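Remarks on the structure that follows.
Each reported figure results from applying straightforward, stated rules to the coordinates on display, with no laboratory input. The structure presented is a predicted model; accordingly, all values stated were derived computationally and were not measured. Cβ placement follows ideal geometry from the backbone for every residue including glycine, while neighbour counts extend to all protein chains displayed.
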Amino acid sequence: MGAGLLERVTVDAPGGRCRLLTSVRARDAMSFYRRLGWAQATHPACEDTGIAVFLGPRHPGRTAVPLPL
């Protein structure tokens with residue numbers, strides 16, 4: 001269900017430019033996004049605080065993100 005919802009809300013993004021933010025404490029969510037092809041584009045300053053920004057699977061800048069982050 002979650003994968004379908006993400007696809008539905010991002011499919012029409014201009015040029016595939018989708019981003020999402022999540023808490024770095026939401027480890028299950030972060031793993032879920034990675035499995036769906038989202039790339040983590042930022043690394044929070046502190047280990048278990050802050051947010052992580054992900055670029056969607058069709059985002060043109062996704063390939064510039066060093067993996068794994």
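So if I place +1 on the C-beta of Lys and Arg and -1 on the C-beta of Asp and Glu, and nothing else carries charge, what would the dipole magnitude of the chain be about its Cα centre? I want it in debye, nearest 20. Walk me through the numbers on the way to the answer.
On the way: 9 positive and 5 negative charges, 34 e Å.
Here the size comes out at about 160 debye.
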- Item | Which of THR63, VAL24, ALA52, positive extreme of dipole for the chain (C-beta unit charges) | THR63
- Sequence-separation-based contact order of the range 2-64, relative, with Cα cut under 8 Å and 6+ spacing, percent: 38 percent
- What is the chain by shape, rounded, prolate or oblate, if you read a ≥ b ≥ c off the alpha carbon gyration tensor as root eigenvalues and call it rounded for a/c under 1.5, prolate for a/b larger than b/c, and oblate otherwise? oblate
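Can you give the extra length, in nm with one decimal, that the chain gains between THR42 and VAL9 once fully stretched, where that is 0.36 nm per residue apart less the Cα-Cα distance? Kindly include the intermediate steps, with their values, before the conclusion.
Numbers: separation 33, 0.36 × 33 = 11.88 nm, distance 2.21 nm.
Roughly 9.7 nm would be gained on extension.
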